[in-house]
Amino acid sequence: MTLFILKILAMLTMTIDHVASSFLGNMTALRVIGRLAFLLYAFMIAEGFNHIKDKPDRVRSHLIKLSVLCVISEFVYDFYETGELIDWSSQSVMPVLLLGFIGLIITEKCKDRPWIYILFYIASAFATYFMKTNYKFAGVLLIYAFYFYLKYEGNRSYPVKLLILLAIMSVYFAVSVWARTDFGGPLAFLAFFKRIMPWTIGHVIAVPVIAAYNGKPGPRNKALNMIYSVYYPAHMALLGTILLFAGK
């Protein structure tokens with residue numbers, strides 16, 4: 001499983017998820033498939049940084065690109081969700097990816113002072129929660145977990161990778177559900193979990209997919225890299241425009 005294939009899967013599953021939620025009445029089977037999208041994007045943020053962490057110029061350019069996309073995506077996300085260009089009721093997934101990337105930079109800069117990056121992890125988690133981003137609280141922590149998985153997984157066997165990733169996904173899903181209940185008690189947790197229980201299938205499917213990643217880029221394709229970079233805001237702008245003209 002190369003990076004090329006992961007990028008295709010991420011864009012495809014995200015599109016399926018958004019089409020299902022916008023036009024197909026939240027069809028459960030398609031929303032389950034859509035659960036893979038963020039997990040793949042989070043993994044690729046960690047994987048991308050892992051490859052360029054010793055190249056300051058590339059880290060800087062990637063940080064600038066993510067920052068610009070974060071600003072653009074916020075307007076597009078609001079347009080897609082509400083038909084308005086500015087709406088503060090919820091934020092896109094881009095702040096999660098941006099903060100995750102910044103957290104990884106701090107991790108490498110302060111590797112001998114772990115208390116600094118741990119404090120940033122906590123701060124970024126609460127920031128995404130109070131900003132009402134998609135995948136609030138747990139999403140940015142998943143990026144950090146993936147980074148340490150990549151850093152230490154080495155040449156472990158496929159079954160071991162499966163077990164490690166399954167543990168990561170289980171903790172992520174539990175924390176995500178808890179955050180979505182606004183850190184409510186056990187009854188609130190169980191009620192929300194019951195509501196989105198089918199989504200666990202998507203998280204389970206993501207485990208063997210990510211475990212199969214072989215660390216290779218796959219076919220070099222500049223056009224795909226460009227499309228991948230802008231796909232999130234571009235496809236939402238298109239869907240938002242369709243929704244506007246459809247009167248939905």
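Couple of notes before you dig in:
- Of the residues making up the range 207-233, those that are hydrophobic (A, V, I, L, M, F, W, C), closer than 24 Å to residue 91 by Cα and touching a residue at least 24 places away in the same chain (Cβ under 8 Å) are 227, 230.
- Residues of the range 132-148 that are among the aromatic types (Phe, Trp, Tyr) and modelled with pLDDT of 90 or more: 144, 146, 147, 148.
- Meets criteria (closer than 21 Å to residue 133 by Cβ, within 13 Å of the chain's Cα centre (by Cα) and either of a type in the set (Lys, Arg) or buried (at least 17 other Cβ atoms within 10 Å of the Cβ) (or both)) for residue 36: yes
- Of the helices (runs of 4 or more DSSP H) entirely within the range 158-248, those holding at least 3 residues that are of a type in the set (Val, Ile, Thr) and more than 21 Å from residue 11 (Cα to Cα) occupy 158-180.
- Residue that is modelled with the lowest pLDDT, among those in the range 230-246 that are surrounded by fewer than 16 Cβ atoms within 10 Å (Cβ to Cβ) and within 13 Å of residue 81 (Cα to Cα): 244
- Of 145, 123, 138, 174, all but one fail to be out of contact with any strand residue (DSSP E or B) (no Cβ under 6 Å at 6 or more places or on another chain), surrounded by fewer than 16 Cβ atoms within 10 Å (Cβ to Cβ) and closer than 16 Å to residue 39 by Cβ; the exception is 174.
- Top-ranked residue in the range 211-228 [being within 29 Å of residue 79 (Cβ to Cβ) and buried (at least 16 other Cβ atoms within 10 Å of the Cβ); ranked as nearest to the chain's Cα centre (by Cα)]: 228
- Cβ-Cβ under 9 Å pairs, at least 6 apart or on other chains, the range 114-138 side more than 20 Å from residue 178 (Cβ to Cβ), far side of a type in the set (Phe, Trp, Tyr) and outside any loop (DSSP other than H, G, I, E, B): 117/144
- Of all the residues in the range 199-223, those that are under 20 Å from residue 38 (Cβ atoms) and of a type outside the set (Ser, Thr, Tyr) number 13.
- For the range 99-144, a tally of residues being within 14 Å of the chain's Cα centre (by Cα) and of a type in the set (D, E, K, R) returns 1.
- When residue 90 is tested against the conditions (1) over 15 Å from the mean Cα position of the chain (by Cα); (2) touching a residue at least 60 places away in the same chain (Cβ under 8 Å); (3) under 29 Å from residue 201 (Cα atoms), the lone failure is (2).
- Number of the exception - residue 109 against (1) closer than 28 Å to residue 55 by Cα; (2) out of contact with any helix residue (DSSP H, G or I) (no Cβ under 7 Å at 6 or more places or on another chain); (3) at pLDDT below 90: (3)
- The single condition from (1) touching an Asp or Glu at 6+ places or on another chain (Cβ under 6 Å); (2) crowded, with 21+ Cβ neighbours inside 10 Å; (3) in contact (Cβ under 8 Å) with a residue 40 or more places away in the chain that residue 78 fails is (3).
- Condition check for residue 151: modelled with pLDDT under 90, on the phi < 0 side of the Ramachandran plot, assigned to a helix (DSSP H, G or I) and not acidic (Asp, Glu): yes
- Pairing residues of the range 44-71 that are surrounded by 12 or more Cβ atoms within 10 Å (Cβ to Cβ) with residues that are small (Gly, Ala, Ser) and modelled with pLDDT of 95 or more, at Cβ distances under 6 Å and at least 6 apart in sequence or on separate chains, gives 45/100.
The values are calculated or read from the model by the stated rules, or taken from the named source; none is laboratory data. Computed from a prediction, not measured in an experiment: that's the story for all the values here. We place every Cβ from the backbone using ideal geometry, glycine too, and count neighbours over all the protein chains shown.
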